[in-house]
Amino acid sequence: MKTQIVSLVWGEDKESKHAKLAQAGEVIKNGGLVAFPTETVYGLGGDALNAESAKKIYAAKGRPSDNPLIVHIADMEHLEKIVREVPENVRKLAKAFWPGPLTMIMKKSDIVPYQTTGGLDTVAVRMPGHPIALIFIRESGGYVAAPSANLSGKPSPTTAKYVIQDMDGRIDMILDAYMGSENIGIESTIVDMTSEIPMILRPGYITQEMISSIIGKTDTDVTIFDNASNEPPKAPGMKYRHYAPKGELVIVEGEPQKVVNYINEQTKLHAQKGEKTGVIGTSEMIRNYQADSIKDAGRHDDMLSVAGRLYTFLREFDDENIAYMYSESFASEGVGQAVMNRLLKAAGHRCVKL
Ligand code: TXA
Ligand code: MG
(Lines give C-alpha, C1' and ligand atoms only; values in the text may rest on other atoms or scores of the structure.)
(Ligands and ions follow the chains in the order given, each with its own letter.)
Protein backbone atom coordinates (compact mmCIF):
# COMPACT_ATOMS: atom_id res chain seq x y z
CA MET A 1 0.00 0.00 0.00
CA LYS A 2 1.24 3.49 -0.83
CA THR A 3 1.04 5.73 2.24
CA GLN A 4 0.29 9.37 1.57
CA ILE A 5 2.23 11.67 3.90
CA VAL A 6 0.40 14.98 4.37
CA SER A 7 2.25 17.78 6.17
CA LEU A 8 0.48 20.54 8.07
CA VAL A 9 2.94 23.28 8.76
CA TRP A 10 2.96 25.81 11.54
CA GLY A 11 1.26 29.02 10.40
CA GLU A 12 -0.37 27.41 7.35
CA ASP A 13 -3.63 29.16 6.50
CA LYS A 14 -6.89 27.75 7.76
CA GLU A 15 -8.43 26.86 4.40
CA SER A 16 -5.44 24.88 3.25
CA LYS A 17 -5.30 22.97 6.56
CA HIS A 18 -9.02 22.30 6.45
CA ALA A 19 -8.84 20.97 2.90
CA LYS A 20 -6.16 18.47 3.93
CA LEU A 21 -8.11 17.40 7.03
CA ALA A 22 -11.30 17.01 4.98
CA GLN A 23 -9.38 14.74 2.65
CA ALA A 24 -8.12 12.72 5.64
CA GLY A 25 -11.70 12.53 6.92
CA GLU A 26 -12.82 11.06 3.58
CA VAL A 27 -10.22 8.32 3.94
CA ILE A 28 -11.69 7.38 7.34
CA LYS A 29 -15.29 7.50 6.06
CA ASN A 30 -14.28 5.17 3.23
CA GLY A 31 -12.93 2.63 5.72
CA GLY A 32 -9.25 3.59 5.45
CA LEU A 33 -6.64 4.35 8.13
CA VAL A 34 -5.01 7.70 8.94
CA ALA A 35 -2.33 8.41 11.58
CA PHE A 36 -2.92 11.77 13.30
CA PRO A 37 -1.31 13.87 16.04
CA THR A 38 -2.81 14.25 19.50
CA GLU A 39 -1.44 16.09 22.53
CA THR A 40 -0.23 12.77 24.00
CA VAL A 41 1.11 10.54 21.20
CA TYR A 42 0.21 9.96 17.52
CA GLY A 43 -2.93 7.86 16.98
CA LEU A 44 -3.64 5.30 14.27
CA GLY A 45 -7.21 6.18 13.32
CA GLY A 46 -10.06 4.31 11.68
CA ASP A 47 -13.87 4.65 11.72
CA ALA A 48 -14.87 3.50 15.22
CA LEU A 49 -18.32 2.40 14.04
CA ASN A 50 -16.97 0.23 11.21
CA ALA A 51 -15.93 -3.28 12.25
CA GLU A 52 -13.75 -3.67 9.15
CA SER A 53 -11.76 -0.54 10.05
CA ALA A 54 -11.05 -1.95 13.51
CA LYS A 55 -9.75 -5.16 11.94
CA LYS A 56 -7.47 -3.14 9.67
CA ILE A 57 -6.07 -1.25 12.68
CA TYR A 58 -5.14 -4.49 14.44
CA ALA A 59 -3.52 -5.80 11.26
CA ALA A 60 -1.52 -2.59 10.65
CA LYS A 61 -0.20 -2.55 14.23
CA GLY A 62 0.38 -6.29 14.46
CA ARG A 63 -1.71 -6.09 17.61
CA PRO A 64 -3.80 -8.81 19.26
CA SER A 65 -7.48 -8.12 18.56
CA ASP A 66 -8.56 -8.65 22.19
CA ASN A 67 -6.92 -5.33 23.00
CA PRO A 68 -9.68 -2.69 22.83
CA LEU A 69 -9.30 0.66 21.04
CA ILE A 70 -10.01 4.15 22.38
CA VAL A 71 -12.81 6.00 20.55
CA HIS A 72 -11.85 9.64 19.96
CA ILE A 73 -14.64 12.22 19.75
CA ALA A 74 -14.68 16.00 19.26
CA ASP A 75 -18.09 16.97 20.67
CA MET A 76 -20.08 16.02 23.79
CA GLU A 77 -23.24 15.31 21.72
CA HIS A 78 -21.38 12.46 20.09
CA LEU A 79 -20.67 10.83 23.43
CA GLU A 80 -24.38 10.14 24.04
CA LYS A 81 -24.57 8.04 20.86
CA ILE A 82 -21.84 5.55 21.71
CA VAL A 83 -22.54 4.89 25.39
CA ARG A 84 -25.62 3.49 27.14
CA GLU A 85 -25.75 6.43 29.51
CA VAL A 86 -23.48 9.30 30.47
CA PRO A 87 -22.94 9.05 34.23
CA GLU A 88 -22.92 12.31 36.19
CA ASN A 89 -19.27 11.81 37.18
CA VAL A 90 -18.33 11.52 33.52
CA ARG A 91 -19.96 14.87 32.82
CA LYS A 92 -18.02 16.43 35.67
CA LEU A 93 -14.68 15.01 34.54
CA ALA A 94 -15.38 15.95 30.91
CA LYS A 95 -16.12 19.49 31.98
CA ALA A 96 -12.88 19.64 33.94
CA PHE A 97 -10.48 17.83 31.60
CA TRP A 98 -11.86 17.55 28.03
CA PRO A 99 -10.56 18.22 25.50
CA GLY A 100 -7.49 16.64 27.09
CA PRO A 101 -5.44 13.58 28.01
CA LEU A 102 -8.17 11.66 29.86
CA THR A 103 -9.89 8.48 28.63
CA MET A 104 -13.09 7.31 30.33
CA ILE A 105 -14.58 3.82 30.13
CA MET A 106 -18.37 3.48 29.98
CA LYS A 107 -20.94 0.88 28.91
CA LYS A 108 -21.11 0.85 25.12
CA SER A 109 -24.23 1.34 23.01
CA ASP A 110 -25.19 -1.04 20.21
CA ILE A 111 -23.73 1.08 17.41
CA VAL A 112 -20.17 0.43 18.63
CA PRO A 113 -18.99 -2.87 17.12
CA TYR A 114 -17.31 -5.47 19.32
CA GLN A 115 -14.31 -5.34 16.98
CA THR A 116 -13.63 -1.82 18.27
CA THR A 117 -13.95 -2.79 21.94
CA GLY A 118 -12.02 -6.06 21.73
CA GLY A 119 -15.18 -8.00 22.54
CA LEU A 120 -16.02 -5.96 25.66
CA ASP A 121 -19.40 -4.42 26.55
CA THR A 122 -17.58 -1.26 27.57
CA VAL A 123 -16.00 1.43 25.42
CA ALA A 124 -13.08 3.78 26.16
CA VAL A 125 -13.70 7.39 25.03
CA ARG A 126 -11.44 10.41 24.83
CA MET A 127 -11.72 13.94 23.46
CA PRO A 128 -8.12 14.86 22.58
CA GLY A 129 -6.75 18.34 23.17
CA HIS A 130 -4.91 18.85 19.88
CA PRO A 131 -6.75 21.28 17.57
CA ILE A 132 -5.75 19.34 14.42
CA ALA A 133 -7.09 16.12 15.97
CA LEU A 134 -10.44 17.75 16.76
CA ILE A 135 -10.96 19.02 13.20
CA PHE A 136 -9.85 15.68 11.77
CA ILE A 137 -12.32 13.77 14.00
CA ARG A 138 -15.21 16.03 12.91
CA GLU A 139 -14.26 15.62 9.24
CA SER A 140 -14.18 11.83 9.79
CA GLY A 141 -17.80 11.70 10.94
CA GLY A 142 -17.19 12.13 14.66
CA TYR A 143 -15.87 8.78 15.89
CA VAL A 144 -12.26 7.80 15.35
CA ALA A 145 -10.97 4.58 16.94
CA ALA A 146 -7.26 4.89 17.54
CA PRO A 147 -4.51 3.12 19.39
CA SER A 148 -1.06 4.70 19.51
CA ALA A 149 0.46 4.71 15.99
CA ASN A 150 3.36 2.36 16.70
CA LEU A 151 3.92 -1.25 15.75
CA SER A 152 2.84 -3.44 18.66
CA GLY A 153 5.59 -3.63 21.29
CA LYS A 154 7.43 -0.44 20.21
CA PRO A 155 7.39 2.87 22.10
CA SER A 156 4.45 5.13 21.19
CA PRO A 157 5.47 7.73 18.58
CA THR A 158 5.57 11.40 19.55
CA THR A 159 6.82 12.60 16.17
CA ALA A 160 5.71 11.84 12.60
CA LYS A 161 9.21 10.55 11.87
CA TYR A 162 8.57 7.51 14.06
CA VAL A 163 5.04 7.02 12.74
CA ILE A 164 6.54 6.85 9.25
CA GLN A 165 9.21 4.42 10.44
CA ASP A 166 6.54 2.01 11.76
CA MET A 167 3.55 2.61 9.46
CA ASP A 168 4.82 3.55 6.00
CA GLY A 169 3.27 1.12 3.54
CA ARG A 170 0.77 -0.22 6.10
CA ILE A 171 -1.86 2.57 6.21
CA ASP A 172 -3.45 5.07 3.80
CA MET A 173 -2.29 8.39 5.20
CA ILE A 174 -0.05 9.98 7.83
CA LEU A 175 -0.79 13.53 8.99
CA ASP A 176 2.54 15.09 9.89
CA ALA A 177 1.88 18.02 12.20
CA TYR A 178 3.59 19.94 14.95
CA MET A 179 2.59 18.43 18.31
CA GLY A 180 2.49 21.82 19.99
CA SER A 181 4.43 23.13 22.94
CA GLU A 182 1.95 21.49 25.29
CA ASN A 183 3.02 18.08 23.94
CA ILE A 184 2.59 15.61 26.79
CA GLY A 185 4.49 12.69 25.32
CA ILE A 186 2.88 9.81 27.21
CA GLU A 187 -0.54 8.26 26.67
CA SER A 188 -3.73 9.50 28.32
CA THR A 189 -4.85 8.58 31.82
CA ILE A 190 -7.51 5.84 31.65
CA VAL A 191 -10.27 5.73 34.26
CA ASP A 192 -12.97 3.07 34.42
CA MET A 193 -16.26 4.84 35.17
CA THR A 194 -18.32 1.63 35.25
CA SER A 195 -17.18 0.50 38.70
CA GLU A 196 -18.86 1.91 41.79
CA ILE A 197 -15.64 3.64 42.76
CA PRO A 198 -14.01 4.88 39.54
CA MET A 199 -10.70 3.12 38.96
CA ILE A 200 -7.51 4.41 37.32
CA LEU A 201 -6.32 1.73 34.89
CA ARG A 202 -3.41 3.66 33.37
CA PRO A 203 -1.70 6.67 34.98
CA GLY A 204 -1.03 9.78 32.88
CA TYR A 205 -0.80 13.55 32.93
CA ILE A 206 -4.21 13.81 34.63
CA THR A 207 -3.34 12.38 38.04
CA GLN A 208 -5.50 10.46 40.49
CA GLU A 209 -5.46 13.49 42.80
CA MET A 210 -6.77 15.71 40.00
CA ILE A 211 -9.59 13.24 39.27
CA SER A 212 -10.47 12.76 42.93
CA SER A 213 -10.61 16.51 43.45
CA ILE A 214 -13.57 16.57 41.02
CA ILE A 215 -15.48 13.36 41.79
CA GLY A 216 -14.26 12.19 45.20
CA LYS A 217 -12.91 8.74 45.96
CA THR A 218 -11.12 6.78 43.23
CA ASP A 219 -9.10 3.56 43.19
CA THR A 220 -6.01 2.52 41.25
CA ASP A 221 -5.64 -0.83 39.52
CA VAL A 222 -3.15 -2.71 41.73
CA THR A 223 -1.35 -4.17 38.74
CA ILE A 224 -0.08 -0.77 37.53
CA PHE A 225 3.06 -0.91 39.66
CA ASP A 226 3.08 -4.36 41.18
CA ASN A 227 4.61 -6.63 38.60
CA ALA A 228 4.37 -9.60 40.98
CA SER A 229 0.59 -9.33 41.27
CA ASN A 230 -1.21 -12.44 40.01
CA GLU A 231 -4.21 -10.48 38.80
CA PRO A 232 -4.43 -9.51 35.14
CA PRO A 233 -4.52 -5.74 34.53
CA LYS A 234 -8.00 -4.31 34.02
CA ALA A 235 -6.99 -2.49 30.83
CA PRO A 236 -6.17 -5.45 28.58
CA GLY A 237 -3.41 -3.53 26.78
CA MET A 238 -1.46 -3.02 29.98
CA LYS A 239 -0.54 -6.72 30.08
CA TYR A 240 1.55 -6.60 26.94
CA ARG A 241 5.25 -5.80 26.97
CA HIS A 242 4.95 -2.22 25.81
CA TYR A 243 7.11 0.79 25.21
CA ALA A 244 10.13 -1.42 24.77
CA PRO A 245 13.40 -0.34 23.18
CA LYS A 246 15.45 -3.02 21.36
CA GLY A 247 18.28 -3.03 23.90
CA GLU A 248 18.17 -3.74 27.62
CA LEU A 249 17.12 -0.92 29.91
CA VAL A 250 17.81 -0.89 33.66
CA ILE A 251 16.52 1.69 36.16
CA VAL A 252 19.01 2.64 38.86
CA GLU A 253 17.67 3.98 42.13
CA GLY A 254 19.60 5.41 45.08
CA GLU A 255 21.66 8.35 46.29
CA PRO A 256 22.82 10.46 43.32
CA GLN A 257 26.54 9.80 43.76
CA LYS A 258 26.00 6.06 44.10
CA VAL A 259 23.81 6.05 40.99
CA VAL A 260 26.51 7.85 38.98
CA ASN A 261 29.21 5.47 40.20
CA TYR A 262 27.16 2.39 39.47
CA ILE A 263 26.14 3.48 35.99
CA ASN A 264 29.67 4.52 35.03
CA GLU A 265 31.05 1.17 36.23
CA GLN A 266 28.49 -0.64 34.10
CA THR A 267 29.00 1.46 30.97
CA LYS A 268 32.78 0.95 31.31
CA LEU A 269 32.37 -2.84 31.47
CA HIS A 270 30.15 -2.79 28.39
CA ALA A 271 32.58 -0.53 26.54
CA GLN A 272 35.36 -3.04 27.21
CA LYS A 273 33.24 -5.67 25.46
CA GLY A 274 32.54 -3.31 22.56
CA GLU A 275 28.88 -2.86 23.54
CA LYS A 276 27.21 0.52 23.04
CA THR A 277 25.61 2.16 26.08
CA GLY A 278 23.11 4.90 26.81
CA VAL A 279 22.04 6.90 29.86
CA ILE A 280 18.87 8.84 30.70
CA GLY A 281 19.54 11.33 33.47
CA THR A 282 18.30 14.58 34.94
CA SER A 283 19.85 17.91 33.84
CA GLU A 284 21.48 18.30 37.26
CA MET A 285 23.37 15.00 36.93
CA ILE A 286 23.94 14.52 33.24
CA ARG A 287 27.50 15.82 32.96
CA ASN A 288 28.71 13.13 35.40
CA TYR A 289 27.96 10.18 33.14
CA GLN A 290 30.13 8.33 30.65
CA ALA A 291 28.29 6.51 27.86
CA ASP A 292 27.96 6.48 24.06
CA SER A 293 24.61 8.28 24.16
CA ILE A 294 23.54 10.52 27.01
CA LYS A 295 19.99 11.91 27.19
CA ASP A 296 19.06 14.93 29.25
CA ALA A 297 15.53 14.33 30.58
CA GLY A 298 15.15 17.79 32.10
CA ARG A 299 15.30 18.99 35.69
CA HIS A 300 14.44 16.44 38.37
CA ASP A 301 11.49 18.55 39.57
CA ASP A 302 10.06 18.87 36.04
CA MET A 303 8.36 15.54 35.41
CA LEU A 304 6.46 16.99 32.46
CA SER A 305 9.72 17.49 30.64
CA VAL A 306 10.76 13.90 31.37
CA ALA A 307 7.37 12.65 30.14
CA GLY A 308 7.67 14.70 26.95
CA ARG A 309 11.06 13.25 26.05
CA LEU A 310 10.98 9.65 27.29
CA TYR A 311 9.62 7.87 24.19
CA THR A 312 11.83 9.90 21.86
CA PHE A 313 14.86 8.80 23.87
CA LEU A 314 13.84 5.14 23.65
CA ARG A 315 13.39 5.46 19.87
CA GLU A 316 16.71 7.30 19.49
CA PHE A 317 18.52 4.59 21.43
CA ASP A 318 17.13 2.09 18.89
CA ASP A 319 18.30 4.27 15.98
CA GLU A 320 21.76 4.49 17.58
CA ASN A 321 21.95 0.71 18.13
CA ILE A 322 22.43 1.08 21.86
CA ALA A 323 22.53 -2.35 23.51
CA TYR A 324 22.52 -1.38 27.21
CA MET A 325 20.69 1.58 28.72
CA TYR A 326 20.54 2.95 32.23
CA SER A 327 18.06 5.46 33.58
CA GLU A 328 17.85 7.35 36.81
CA SER A 329 14.69 6.68 38.79
CA PHE A 330 12.14 9.50 39.15
CA ALA A 331 9.86 10.52 42.02
CA SER A 332 6.56 8.62 41.73
CA GLU A 333 4.37 11.62 42.46
CA GLY A 334 1.99 13.49 40.19
CA VAL A 335 2.98 12.96 36.54
CA GLY A 336 6.04 11.16 37.90
CA GLN A 337 3.76 8.20 38.61
CA ALA A 338 2.95 7.86 34.91
CA VAL A 339 6.60 8.38 33.95
CA MET A 340 7.75 5.61 36.30
CA ASN A 341 4.95 3.30 35.08
CA ARG A 342 6.17 3.66 31.45
CA LEU A 343 9.85 3.48 32.40
CA LEU A 344 9.34 0.29 34.44
CA LYS A 345 7.53 -1.30 31.51
CA ALA A 346 10.24 -0.28 29.07
CA ALA A 347 12.77 -1.79 31.46
CA GLY A 348 10.77 -5.00 31.85
CA HIS A 349 10.75 -4.08 35.57
CA ARG A 350 14.55 -4.38 35.83
CA CYS A 351 15.43 -2.00 38.65
CA VAL A 352 18.65 -1.86 40.66
CA LYS A 353 18.27 -0.40 44.17
CA LEU A 354 21.54 0.84 45.65
O1 TXA B 1 -3.19 9.03 24.70
C2 TXA B 1 -3.77 8.03 24.27
O3 TXA B 1 -4.64 7.44 24.94
C4 TXA B 1 -3.39 7.51 22.87
C5 TXA B 1 -3.83 8.56 21.86
C6 TXA B 1 -3.66 8.10 20.43
O7 TXA B 1 -5.15 8.94 22.11
N8 TXA B 1 -3.99 6.23 22.61
C9 TXA B 1 -3.56 5.08 23.21
O10 TXA B 1 -4.22 3.94 22.77
O11 TXA B 1 -2.69 5.03 24.03
P12 TXA B 1 -3.68 2.47 23.04
O13 TXA B 1 -4.53 1.60 22.18
O14 TXA B 1 -2.22 2.38 22.81
O15 TXA B 1 -4.04 2.19 24.52
C16 TXA B 1 -5.38 2.01 24.91
C17 TXA B 1 -5.48 1.31 26.24
C18 TXA B 1 -5.12 -0.16 26.16
O19 TXA B 1 -4.32 -0.50 27.28
C20 TXA B 1 -6.49 -0.82 26.24
O21 TXA B 1 -6.42 -2.11 26.76
C22 TXA B 1 -7.27 0.14 27.11
O23 TXA B 1 -6.84 1.39 26.67
N24 TXA B 1 -8.73 0.06 26.89
C25 TXA B 1 -9.41 0.46 25.80
N26 TXA B 1 -10.74 0.17 25.93
C27 TXA B 1 -10.88 -0.42 27.13
C28 TXA B 1 -12.00 -0.94 27.85
N29 TXA B 1 -13.22 -0.92 27.34
N30 TXA B 1 -11.77 -1.47 29.08
C31 TXA B 1 -10.52 -1.49 29.60
N32 TXA B 1 -9.42 -1.01 28.96
C33 TXA B 1 -9.60 -0.48 27.75
MG1 MG C 1 -0.20 1.92 22.74
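The values are calculated or read from the model by the stated rules, or taken from the named source; none is laboratory data. Just so we're clear, the structure is a prediction, and the values are computed from it rather than from any experiment. Because the Cβ atoms are built from the backbone with ideal geometry, glycine has one as well, and the counts that use them run over all protein chains shown. Remember, those area values only see protein heavy atoms, side chains included, never the ligands or the DNA or RNA. Shrake-Rupley method; radii C 1.70, N 1.55, O 1.52, S 1.80 Å.
Considering the Cα trace of the chain, what is its radius of gyration and what is Dmax, both in angstroms?
That works out to 20.2, 62 Å for Rg and Dmax.
Using only Cα atoms, tell me the angle between helix 335-346 and the longest principal axis of the chain; keep it within 0 to 90° and round to the nearest 10.
80
Across the stretch 283-354, how large is the tail of the calculated P(r) beyond 15 Å, expressed as a percent of all Cα pairs?
The answer is 55 percent, as a whole percent.
In the calculated pair distance distribution of the stretch 218-354, what percentage of Cα-Cα distances lie above 21 Å?
Working: 3714 of 9316 pairs.
Roughly 40 percent, once rounded to a whole number.
Provide the per-residue ³J(HN,Hα) series for the stretch 8-19, in order, calculated from phi with Karplus coefficients 6.51, -1.76, 1.60 and θ = phi - 60°, each as a whole number of Hz, with x at glycine and proline positions.
These are the phi-based 3J(HN,Hα) values: 10, 9, 4, x, 4, 6, 4, 4, 5, 4, 4, 4 Hz.
Taking all protein chains together and a probe of 1.4 Å, list Val163, Val86, Val9 from the most accessible to the least accessible.
Values: Val163 0, Val86 20, Val9 85 Å².
Sorted descending by solvent-accessible area, the residues read Val9, Val86, Val163.
With every protein chain kept in place and ligands, DNA and RNA left out, what is the accessible area per residue of the chain? Probe 1.4 Å, answer in Å².
For the chain, the solvent-accessible area averages 42 Å² per residue.
Using bins 5 angstrom wide from zero, how does P(r) for the stretch 134-225 break down, in % of all Cα pairs?
2, 11, 16, 19, 17, 15, 12, 6, 2, 0
How do Met1, Met104 rank by accessible surface area computed with a 1.4 Å probe, from largest to smallest? Don't skip to the end; give the middle numbers.
Details: Met1 135, Met104 0 Å².
Sorted by accessible area, descending: Met1, Met104.
Looking at the chain only, what percent of DSSP beta bridges run antiparallel? Nearest 5 please.
Beta bridges within the chain, antiparallel portion: roughly 35 percent.
Once Rh is set to the Kirkwood radius over Cα pairs, what Stokes-Einstein translational diffusion coefficient, in µm²/s, holds for the stretch 1-144 at a temperature of 25 °C and a viscosity of 0.890 mPa s?
After rounding, the answer is 159 µm²/s.
Below 8 Å between Cα atoms, with a sequence gap of 6+, how large is the relative contact order for the chain in percent?
Normalised by residue count, the contact order of the chain is 19 percent.
So how do 21-27, 311-317, 331-337 stack up, highest first, on mean other-Cβ count within 10 Å?
Descending packing order for the listed peptides: 311-317, 21-27, 331-337.
In terms of modelled amide H atoms, which long-range or inter-chain residues lie less than 5 Å from the amide H of Cys351?
Residues meeting the criterion, in which the H sits 1.01 Å from N, are Ile251.
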